[in-house]
Amino acid sequence: MNVEEIEIKVIAVADRNAVKKLYQEAGWWRQEDESAGNGAWIDTLVSQSFCFVGAFSGGEMIGMGRAVSDSVSDAYIQDVVVLKKFRGRGIGAAIIQKIIWFLKNHRIGWIGLIAEPGTQAFYHGLGFALMEGYAPMLLKKKKN
């Protein structure tokens with residue numbers, strides 16, 4: 001199976017279990033996510049993303065990616081993942097390209113992301129470059 005046999009589309013609703021499976025395979029699923037509102041947060045994650053893209057094979061969601069944006073100028077791509085058994089076939093790149101297409105069609109000019117360690121070459125091949133002189137930062141919660 002190659003990327004031509006995969007349907008890549010922008011969606012507003014996704015199966016909770018399919019998204020959960022993708023998050024689990026990526027190592028992003030936390031135990032507290034399991035009981036948080038019976039997974040209702042997944043519906044919000046999908047519907048409130050500026051752009052949510054799913055990759056489908058035979059009706060099964062096998063990959064996803066999303067972008068958050070102010071809908072005017074800036075967007076950040078995040079949560080790009082493909083099920084392990086489908087990796088290495090260009091599906092992740094197709095998801096990114098669909099997100100970029102959507103953002104550009106909405107006149108979003110600044111598109112950024114934070115690449116996980118070991119994925120920089122993948123994103124570089126899709127036209128992304130390091131932002132020289134900048135460093136990603138994350139708010140750390142204070143311990144009580």
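Read the figures in this text as sums done on the coordinates, not as results from a lab. Quick caveat: nothing in here was measured; it's all calculated off a predicted structure. Every residue, glycine as well, gets a Cβ built from its backbone with ideal geometry; the counts of neighbours run over all protein chains shown.
Select, from D74, D79, the only residue that is in contact with a strand residue (DSSP E or B) (Cβ under 7 Å, 6 or more places away or on another chain) and on the phi > 0 side of the Ramachandran plot. Reasoning before the result, please.
Values: D74 fails: on the phi > 0 side of the Ramachandran plot.
The unique qualifying residue is D79.
Identify, by number, the condition in (1) touching a strand residue (DSSP E or B) at 6+ places or on another chain (Cβ under 7 Å); (2) within 20 Å of K21 (Cα to Cα) that R87 doesn't meet.
Unmet condition: (1).
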